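S.K.: Below you'll find the structure I mean.
The values are calculated or read from the model by the stated rules, or taken from the named source; none is laboratory data. These numbers were taken from a predicted model, which means no experiment stands behind them. Quick reminder, even Gly has a Cβ in these numbers, built from the backbone with ideal geometry, and neighbours come from all protein chains shown. Remember, those area values only see protein heavy atoms, side chains included, never the ligands or the DNA or RNA. Shrake-Rupley method; radii C 1.70, N 1.55, O 1.52, S 1.80 Å.
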Amino acid sequence: MTKLPRRSLLEGLLALGAAGCAASATATAAGDRPQARPPTDAWQGVRDEFDVSPAWIHMTGFLLASHPRPVREAIEALRRELDDNPAHALEAHEDPAPVREAAAAYMGAGAEEIALTGSTTMGLASLYLGLPLRAGDEVLTTVHDHYATHESLRFAAERTGATVRKIALYERSSAATATEMAGAIEAAITPATRVVAITWVHSGSGVRTPVRAIAEVVARANQGRAPGDRVVCCVDGVHGFGVEDATMADLGCDFFAAGCHKWIFGPRGTGVLWGRAELWPMLRPSIPHFGQEGYGAWLRGQPAPPTTANMMTPGGFHAFEHRWALPAAFAFHRRIGKARVAARIHALNRQCKEGLQAMRHVTLHTPIDDAISAGLVCFEVAGMSTAAVVGRLRERKIIASAAPYATRYARVAPSLLNSEADVEAVLREVRALA
Ligand SMILES: Cc1ncc(COP(=O)(O)O)c(C=O)c1O
């Protein structure tokens, strides 16, 4: 299938704001794609960096990234280097500093505060299983969190004797408010609470939690507590990471885990675990790190030093061409600009939510409010199962998904892969389901 003519990212960005939604009247190479005309708005240059099939409207970019051109090229170059001489490539890239520095620059954090992981799940598991929990301690989490958080916490509780309590932050997701969510955490913290485990953007409803306000609640609860009794505020950040224009300082949490292979468009199988510099020594690694701190001490027959972020990067050899290519993904976002990315994703999602909200046969479960939502839109269609909705959209060449939660809503996630015309096509097809 022929692709639309490629324009460079830079050209596309220079055109930002200049062009409207001028579309050619000719039929597109996208063939049976629902919209008849190719979108050539100002973001076309960004979309052209991706190799996703133009035969489909991709509304699930949040599941697993398609690598944009700079990331594909970086991976290819590194793969060639590894294939050419694996030992030399390992020596040349042994120092993880460039990858950690690129992540740190994007996150507004220190490179020494970042561990490199393979996914959100790996970051959460190594965090929760690494916390110094004891029998009698309580972990406070919510009913809205993902399987990866709940199961990592269950594993940690089984090993330590701590208990896990799950609370609801809101009754109806579409009506959730920041005050209500932070208040629910505040009311649930007890003297036994040691961990507050939350998710930035719930992938079952699209609700964005007020991480900063919750971190402030935790900070208030910590006033007067002995260091060993402190509550740590831990976040699964994956669906805000690469969407929102926020630094770790803005969020105010203690630990933050995210995969880089979703909204960041990083190499598949990459992720980060960030934590405040002073908190890393409390963690116990589960997987030995292949760096100087741990390995060096072992070689010298010395006790392992206090845990650092670097020591929480799981050792062993990995798909290194992917890990080493991660800086290209952060550079891609930073070239566009975090604020622009956030504004674009929010604008497309607003268009989608407002369209769905206006349909009488649709129940929108994601809040309309930009401050309580991000890039995910969850909804139900009266009289249809979620599987049937997703199936009908797929017949119309639109890829949506069913949220993998006990209550399964249909999900679409307008992203940098999409145009306003894509969102219109989704709305048209959902309208036709009435
Ligand atoms: C909220 C949330 N956390 C974690 C994950 C797992 O992410 P990863 O594939 O990076 O482990 C997902 C979905 O895949 C998710 O929706």
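S.K.: So, in the range 261-281, how many residues would count as being part of a helix (DSSP H, G or I) and either under 14 Å from G237 (Cβ atoms) or open to solvent by less than 60 Å² (accessible area, probe 1.4 Å) (or both)?
M.R.: Qualifying residue count, the range 261-281: 3.
S.K.: Among A168, A162, which is aliphatic (A, V, I, L, M) and crowded, with 17+ Cβ neighbours inside 10 Å?
M.R.: Every option except A162 fails the conditions.
S.K.: Has the range 378-401 got at least one residue that is among the aliphatic types (A, V, I, L, M), assigned to a helix (DSSP H, G or I) and open to solvent by less than 10 Å² (accessible area, probe 1.4 Å)?
M.R.: Checked the range 378-401: at least one residue is among the aliphatic types (A, V, I, L, M), assigned to a helix (DSSP H, G or I) and open to solvent by less than 10 Å² (accessible area, probe 1.4 Å).
S.K.: Quick one: is A347 surrounded by fewer than 21 Cβ atoms within 10 Å (Cβ to Cβ), in a helix (DSSP H, G or I) and in the same structural domain as S53 (by TED's automatic domain parsing)?
M.R.: Yes: the conditions hold for A347.
S.K.: Let me ask something else about it. Does S373 satisfy being crowded, with 21+ Cβ neighbours inside 10 Å and either farther than 26 Å from V341 by Cβ or out of contact with any Cys (no Cβ under 9 Å at 6 or more places or on another chain) (or both)?
M.R.: yes
S.K.: Which members of the range 127-148 meet the condition of being over 19 Å from A215 (Cα atoms), buried (at least 17 other Cβ atoms within 10 Å of the Cβ) and within 12 Å of the ligand (Cβ to nearest atom)?
M.R.: H146, A148
S.K.: Quick check on A406: is it among the hydrophobic types (A, V, I, L, M, F, W, C) and either touching a strand residue (DSSP E or B) at 6+ places or on another chain (Cβ under 6 Å) or in a loop (DSSP other than H, G, I, E, B) (or both)?
M.R.: yes
S.K.: Looking at E112, E151, which is the one that is surrounded by fewer than 21 Cβ atoms within 10 Å (Cβ to Cβ), within 12 Å of the ligand (Cβ to nearest atom) and over 22 Å from F332 (Cβ atoms)?
M.R.: Sole residue among the options that is surrounded by fewer than 21 Cβ atoms within 10 Å (Cβ to Cβ), within 12 Å of the ligand (Cβ to nearest atom) and over 22 Å from F332 (Cβ atoms): E151.
S.K.: So which residues in the range 196-228 are surrounded by 15 or more Cβ atoms within 10 Å (Cβ to Cβ), over 19 Å from the mean Cα position of the chain (by Cα) and in a loop (DSSP other than H, G, I, E, B), if there are any at all?
M.R.: Passing the criteria: none in range.
S.K.: Hey, A192 hits all of (1) buried (at least 24 other Cβ atoms within 10 Å of the Cβ); (2) away from the ligand (no atom under 16 Å from the Cβ); (3) among the hydrophobic types (A, V, I, L, M, F, W, C) but one; which does it fall short on?
M.R.: (1)
S.K.: Same structure again: Among residues belonging to the range 282-308 that are of a type in the set (A, V, I, L, M, F, W, C) and over 26 Å from the mean Cα position of the chain (by Cα), point out the one that is surrounded by the fewest Cβ atoms within 10 Å (Cβ to Cβ).
M.R.: Among those that are of a type in the set (A, V, I, L, M, F, W, C) and over 26 Å from the mean Cα position of the chain (by Cα), it is L299.
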